[in-house]
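One structure is given below, encoded as structure tokens.
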Amino acid sequence: MSKILVIDDEKSIRNTLRDILEYESYKVDTADTGIEGLKLVNAVKYDVILCDIKMPNMDGIEVLDHIMKITDTPVIMISGHGTIETAVEAIKKGAYDYIAKPLDLNRLLITIRNALDKTLLIRETKILKQQVTQTWEMIGQSEAMMQVKDLIGKVAPTNARILITGSNGTGKELVARWIHEKSNRAQSPFIEVNCAAIPSELIESQLFGHEKGSFTSAFKQRRGDFELAIGGTLFLDEIGDMSLSAQAKVLRALQENKITRVGGEKEIPVDVRIIAATNKNLSDEIEKGNFREDLYHRLSVIIIHVPDLNEREGDIRLLATHFMEEVSTKMGKQLLVFTNEAFQRLEKNRWTGNVRELRNVVERLAILCDKEVTEADVEKYVHPLNQA
């Protein structure tokens, strides 16, 4: 339901507009002064604002100036004492439209619908820009993260193979993407393969491709991820879960820089940088016979260990603030701020799910909290199952 704010010092106008707009299924807030209106604009994310021009203490043009600094919500100016000059001034200062009193109901509703379309377009454009220009930023100033960043800065410009280790949810994929973006291959593909999510009988086809008719469901030729990543980076996530037969073929590809599609005979040269990641102790897996030692040595030219969030307490405030900004933008909600006590409570929590868990908690808080996030909110929502 779209939210509309009406700022007007005349009670009869406020009540009439509220009745009309609520009948049209809008959610309506009202303010009788510009100052009160600005307080609401700071606290609530509105889709359209209606603002009278002639008001005591602070007139509508002043209110408009302040609103333009706070939000990009369309503002429709209304007045019974306006002139052409007033209307032109309002439009120049950023008003979406100007409507004279007595209000023409049909024109008002059409203008509001058009303004809502603009609001939707602005939000969609923001999201699309974020997706198109997305950079993979590593948030954190703790000593542990500064060491990781320093190591990335040294190895990213090279073609060295990298093995990223760390617990689930620590951000191993983010590290891999950051390496790619800082490498000389940044303009080429970054292809990710989750080795744990692909059945062992399909992993070879996924990585190396297949020829038409090479197996029952191979209805056409398919290029594998090694080919798709030529010139760029191939990220083998959860490589500790890869089958031994696939490991043997990956080892051969790394040794010879060539692959052969399943069911094919032709060798295809591949210029690919390999970054692998695992949450397992590969030394233990080698001892158990689950992982090839020679492949381990091929992959681990450089080893980057991503620390658990519990080792990065100093980064929790930065991460929580970053996630709140990200989530609020995507949901089109007013940005919520954390109280100092809320931050302290987050820092005391034991993050078994690491950064991924923190992001989920922040998204939960963004949805369920109003105006700000307090210590009580964190207590209530950080472990929702405990509240059941």
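The values are calculated or read from the model by the stated rules, or taken from the named source; none is laboratory data. The shown structure was predicted, so the numbers you read here are calculated from the model rather than taken from an experiment. With ideal geometry, Cβ positions are generated from the backbone for all residues, glycine too; neighbour counts draw on all protein chains shown.
Identify all residues within the stretch 58-100 that are surrounded by fewer than 16 Cβ atoms within 10 Å (Cβ to Cβ) and touching a residue at least 40 places away in the same chain (Cβ under 8 Å); write none if there are none. Answer for the stretch 58-100, where residues must be surrounded by fewer than 16 Cβ atoms within 10 Å (Cβ to Cβ) and touching a residue at least 40 places away in the same chain (Cβ under 8 Å): just Asp72.
Yes or no, residue by residue, for (1) of a type in the set (Val, Ile, Thr); (2) at pLDDT below 95:
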{"position": "Asp104", "(1), (2)": "no, yes"}
{"position": "Leu121", "(1), (2)": "no, yes"}
{"position": "Gln131", "(1), (2)": "no, yes"}
{"position": "Gly140", "(1), (2)": "no, yes"}
{"position": "Lys154", "(1), (2)": "no, no"}
{"position": "Arg161", "(1), (2)": "no, no"}
{"position": "Ile164", "(1), (2)": "yes, no"}
{"position": "Ala176", "(1), (2)": "no, no"}
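Where helices (runs of 4 or more DSSP H) fall wholly inside the stretch 222-314, the ranges with 1 or more residues that are among the hydroxyl-bearing types (Ser, Thr, Tyr) and surrounded by 18 or more Cβ atoms within 10 Å (Cβ to Cβ) are 293-299. Across the stretch 367-383, which residue is nearest to Lys330 (Cα to Cα) among those that are surrounded by fewer than 17 Cβ atoms within 10 Å (Cβ to Cβ) and within 22 Å of the chain's Cα centre (by Cα)? The qualifying residue nearest to Lys330 (Cα to Cα) is Ile367. When the residues of the stretch 1-21 are filtered to those that are of a type outside the set (S, T, N, Q) and surrounded by fewer than 13 Cβ atoms within 10 Å (Cβ to Cβ), the one that is modelled with the lowest pLDDT is Met1. Within the bounds of the stretch 332-344, is there any residue that is surrounded by fewer than 18 Cβ atoms within 10 Å (Cβ to Cβ), in a helix (DSSP H, G or I) and polar (S, T, N, Q)? Yes, the stretch 332-344 contains at least one residue that is surrounded by fewer than 18 Cβ atoms within 10 Å (Cβ to Cβ), in a helix (DSSP H, G or I) and polar (S, T, N, Q).
Pro269 falls short on exactly one of the conditions (1) more than 20 Å from Leu163 (Cα to Cα); (2) in contact with a strand residue (DSSP E or B) (Cβ under 6 Å, 6 or more places away or on another chain); (3) in contact (Cβ under 8 Å) with a residue 40 or more places away in the chain, and that condition is (3).
Does at least one position in the stretch 37-46 carry a residue that is closer than 24 Å to Ile122 by Cα, surrounded by fewer than 17 Cβ atoms within 10 Å (Cβ to Cβ), at pLDDT below 90 and of a type in the set (S, T, N, Q)? Yes, the stretch 37-46 contains at least one residue that is closer than 24 Å to Ile122 by Cα, surrounded by fewer than 17 Cβ atoms within 10 Å (Cβ to Cβ), at pLDDT below 90 and of a type in the set (S, T, N, Q). For the stretch 196-245, a residue qualifies if it is over 27 Å from Gly289 (Cβ atoms), at pLDDT below 90 and of a type in the set (A, V, I, L, M), and exactly one does: Ala218. Being at pLDDT 95 or above, out of contact with any His (no Cβ under 9 Å at 6 or more places or on another chain) and either polar (S, T, N, Q) or not assigned by TED's automatic domain parsing to the domain that holds Gly240 (or both) is true for just one of Thr329, Thr278. Which residue is that? Criteria check complete, one pass: Thr278.
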